[in-house]
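First comes the structure, then the notes that go with it.
The values are calculated or read from the model by the stated rules, or taken from the named source; none is laboratory data. No experiment lies behind these values; they were computed from the predicted model shown. For neighbour counting, all protein chains shown are included, and Cβ atoms are generated from backbone atoms with ideal geometry for every residue, glycine included. Side chains included, ligands, DNA and RNA excluded: accessible areas come from the protein's heavy atoms. Shrake-Rupley method; radii C 1.70, N 1.55, O 1.52, S 1.80 Å.
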Amino acid sequence: MISGTRELFKKYSLNTYTRTGPVFIKGKGSWLWDSQCKRYLDLFPGWGVSILGHCHPRIVKIINEQSKRLIHLPNNLFFREQVDLAREIVKSSFPSKVFFANSGAEAVEGAIKVSRIYGMAKKRYEIIVMKDSFHGRTFGALSATGQKKYKDPFKPVLQSFKEARLNDLSSVKKKTTDKTVAVLLELIQGEGGVNVASKEFITDLYNYCKMRSLLFIVDEVQTGMGRTGKLFSYQYYSIKPDIMLLSKGLGAGIPISAMVVSEDIAGLMKPGMHASTFGGSPFVCRVAKEVFSVIKEERILANVNKMSGYLFNSLRKLKEKFPEIKGLRGMGLMAGIELNFKAYHFVAGALKRGLIINATHENIIRIMPALNVTLKELELGIKIIESVLRRK
Ligand SMILES: *Cc1c(COP(=O)(O)O)cnc(C)c1O
């Protein structure tokens, strides 16, 4: 049954993904097993989605329980699970109201719509985005993404997004017009190569936005839910976003996203303006609520900070040893290693040695382990990375 999986993909699956490696059949924590029962250390579980590792027992348990009680209800009915999760998010962030959708891109779409409503009276609708950003593949989110390679095949994309540069306030000022309504950015660009926004830039940008009444929208789809060592990465900066977008880790593997809209502007959205059939169902919300509980009760943020120290120390040591490593970037358990050769080969070499990591932006290796990864697992990962560098 399992033999022939590649052929079946080729025959039946729309060819939008580059797939490589073995066929995986199960996972536990930071480990995956393939159909030959070979074990792999997964230091990039689900592209940042599986923050509690694969099949965390408490997530498995709550999925079981909730699936027996109530799975889906439409959003014209009242049910407890959705507001319990919304309250959890608001209590751990800033005074706000929450809209639930199903994917990161959809959360971005929501933010674009809120910006339109916010700017309507003064005919403002342009959103400033950053070069090398990534906001998803739906048409609005794609248009907001600052990378030509994703947009060019689908030209013309929406014209209301203006591209500035991260950590360069003057580029933002240059792109501001009397039609500008918002700035949308990731505080650490993930897909764009793990580029960290500087404190100075964010403080200045935030003040600039306040001065001009521009919405400050943070896309925390990748950086949120503890990835950087705080629950949300904006908490490293002295700012309060007008809109925060969450997805990836929010459901620890269950598809869910959230648009968190500051109390000051939440009233702009009226019944009928936005909706999602699947958004915020009892099932996904109960699971995401459990993710928050696990993060607290298993002291996940403390682990992120401890493991981050070890990870970046080890990477720095590797950088001293190997001139092939040109740079290190990141925060918490989000690390980018810039190589002086194509990262794709590196990832393939690691996979052969039983390690799953990711390549982005041609020459950057990305490591985003589960947030409950252990020291032993990271040590093994570093050892394998070193052995791949040796054989280069
Ligand atoms: C992954 C990602 C998205 C898109 O999420 P999807 O669930 O694939 O739509 C948007 N923004 C950021 C920052 C991301 O990392």
Sorted by chain and then number, the residues having a modelled amide H within less than 5 Å of the amide H of GLY279, at least 5 places away or on another chain, are none
Net charge over other residues, Cβ less than 15 angstrom from the Cβ of CYS37 (K, R count +1; D, E count -1): +3
Considering only the other residues whose Cβ falls under 15 Å of the Cβ of ALA107, what net charge follows from Lys and Arg at +1 and Asp and Glu at -1? -2
Of the heavy-atom accessible surface of the range 280-364 (probe 1.4 angstrom), what whole percent is carbon and sulfur? 51
Taking square-rooted eigenvalues a ≥ b ≥ c of the alpha carbon gyration tensor, is the range 173-273 rounded, prolate or oblate, where a/c under 1.5 means rounded and, failing that, a/b exceeding b/c means prolate? oblate
Local net charge near SER247, Cβ-Cβ under 11 Å (Lys/Arg +1, Asp/Glu -1): -2
Can you list which of the DSSP-assigned H helices in the chain have a Cα extent of 15 Å or more along the long axis and an average Kyte-Doolittle score of at least 0.5? 282-297
Set of aspartates and glutamates with alpha-carbon distance to LYS10 below 20 Å, sequence-local pairs under 8 removed: ASP34
If I stretch the segment between LYS383 and THR16 completely, what's the gain in nm (0.36 nm per residue apart, minus their alpha carbon distance), one decimal? 128.8 nm
Between the modelled labels at LYS149 and SER213 (7 Å from Cα along Cα→Cβ) the distance in nm is 4.1
Using helices alone, I'd like the mean residue ellipticity at 222 nm for the chain: each DSSP H run of four-plus residues gives -39500 (n - 2.57), total over residue count, nearest 500. -11500 deg cm²/dmol
How long is the gain from VAL60 to LYS174 if the chain were fully straight, where each residue apart is worth 0.36 nm and the alpha carbon distance is subtracted? 36.1 nm
Residue by residue through the range 159-165, the couplings from Karplus 6.51 cos²θ - 1.76 cosθ + 1.60 with θ = phi - 60°, in Hz, x for Gly and Pro, are 8, 8, 10, 10, 9, 10, 10
Of all DSSP beta bridges having both residues in the range 112-233, the percent classed as antiparallel (nearest 5) is 15
How large is ³J(HN,Hα), in whole Hz, for each residue of the range 229-235 in order, when computed from phi with the Karplus curve 6.51 cos²θ - 1.76 cosθ + 1.60 and θ = phi - 60°, using x for Gly and Pro? x, 10, 4, 10, 6, 4, 5
Report the number of Lys pairs in the range 141-237 whose alpha-carbons are under 12 Å apart, with separation of 8 or more residues or on distinct chains. 4
Just check the range 1-156 against the gyration tensor rule for me: Cα atoms, a ≥ b ≥ c as the square roots of the eigenvalues, rounded for a/c under 1.5, and otherwise prolate or oblate depending on whether a/b exceeds b/c. oblate
If you rank ASP204, ASP84, ASP178 by how much accessible surface each has, with a 1.4 Å probe, what is the order from largest down? ASP178, ASP204, ASP84
Quick one: work out the % antiparallel among DSSP beta bridges in the chain, nearest 5. 65
Apply the Karplus curve 6.51 cos²θ - 1.76 cosθ + 1.60, θ = phi - 60°, to the phi angles in the range 248-262 and return the couplings in whole Hz, x for Gly and Pro. 3, x, 3, x, 6, x, 8, x, 7, 9, 9, 10, 9, 10, 3
List the residues whose amide H sits under 5 Å from the amide H of SER96, counting only those 5 or more places along or on another chain, with H placed 1.01 Å from N in the peptide plane. GLU263
How large is the accessible surface of TYR118 in square angstrom, using a 1.4 angstrom probe and rounding to the nearest 10? 60
Given a 1.4 angstrom probe, what's the average accessible area per residue across the range 1-147, in square angstrom? 58
Given points 7 Å out from each Cα along the Cα-Cβ axis, report the LYS326 to SER198 separation in nanometres with one decimal. 2.0
Residues in the range 343-376 reached by a label modelled at ARG391 [backbone nitrogen below 19 Å; 7 Å Cα→Cβ]: 343-359, 365-366
HIS345 accessible area, 1.4 Å probe, all protein chains in place, Å² to nearest 10: 120
When every protein chain stays in place and a 1.4 Å probe is rolled, PHE99, PHE79 sorted by accessible area with the largest first are PHE99, PHE79
Which shape class, rounded, prolate or oblate, goes with the range 87-198 when its Cα gyration tensor gives a ≥ b ≥ c as root eigenvalues, a/c under 1.5 marks rounded, and past that a/b bigger than b/c marks prolate? rounded
Mean Cα-pair separation over length for the chain, i.e. relative contact order, pairs under 8 Å, 6 or more apart, %: 22
THR16, THR203, reordered so the largest accessible area comes first (probe 1.4 Å): THR16, THR203
